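Each remark here refers to the structure printed beneath this line.
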Amino acid sequence: MNPLPLGVLCGILFGIADVFMTVFGGHPGVSRSMLLPAFSGRFAIGILGANVSLGMNRIVAGALTGSLIRFPDAFSLRSYIGVLASGIVFGAIAGWPARKRVYPSD
């Protein structure tokens, strides 16, 4: 599968999953202003995790991308382990289907 549609699909699925985790996760004072950043961060992880090639295994590159995207949120929310771990997991999942695809730049 082409990595761009794969990344968009992963991003939409990860975004929806994170919105559900935010709404049903027992966060106090969940508002609509929390849901858009939750969705957009995971959407970015899906797209970049499936498309970034750093000269290493794509699963590792996706996990690294996911952690780098989630660093600002982890610091602002002061929830380092939960936020970074979910970014690493979602990034690795996005990189997993793209791992066998060989690009001209590789």
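None of the figures in this text is laboratory data; all of them are computed from the coordinates on show. Being a predicted model, the structure only gives us computed values, none of them experimental. So basically every Cβ, Gly included, is an ideal-geometry build from the backbone, and we count neighbours across all protein chains shown.
Per residue, the convex hull around the alpha carbon atoms of the chain comes to 86 Å³.
Placing a pseudo-label 7 Å from each Cα along the Cα-to-Cβ vector at L77 and V89 gives an inter-label distance of 1.2 nm.
When each of the peptides 57-70, 6-19 is scored by the mean number of other C-beta atoms lying within 10 Å of its residues, the order from highest to lowest reads 57-70, 6-19. Between 0 and 90 degrees, the angle of helix 80-95 with respect to the longest Cα principal axis of the chain falls at about 30 degrees. To the nearest ten degrees, helix 32-51 and the longest principal axis of the Cα atoms of the chain are 10 degrees apart.
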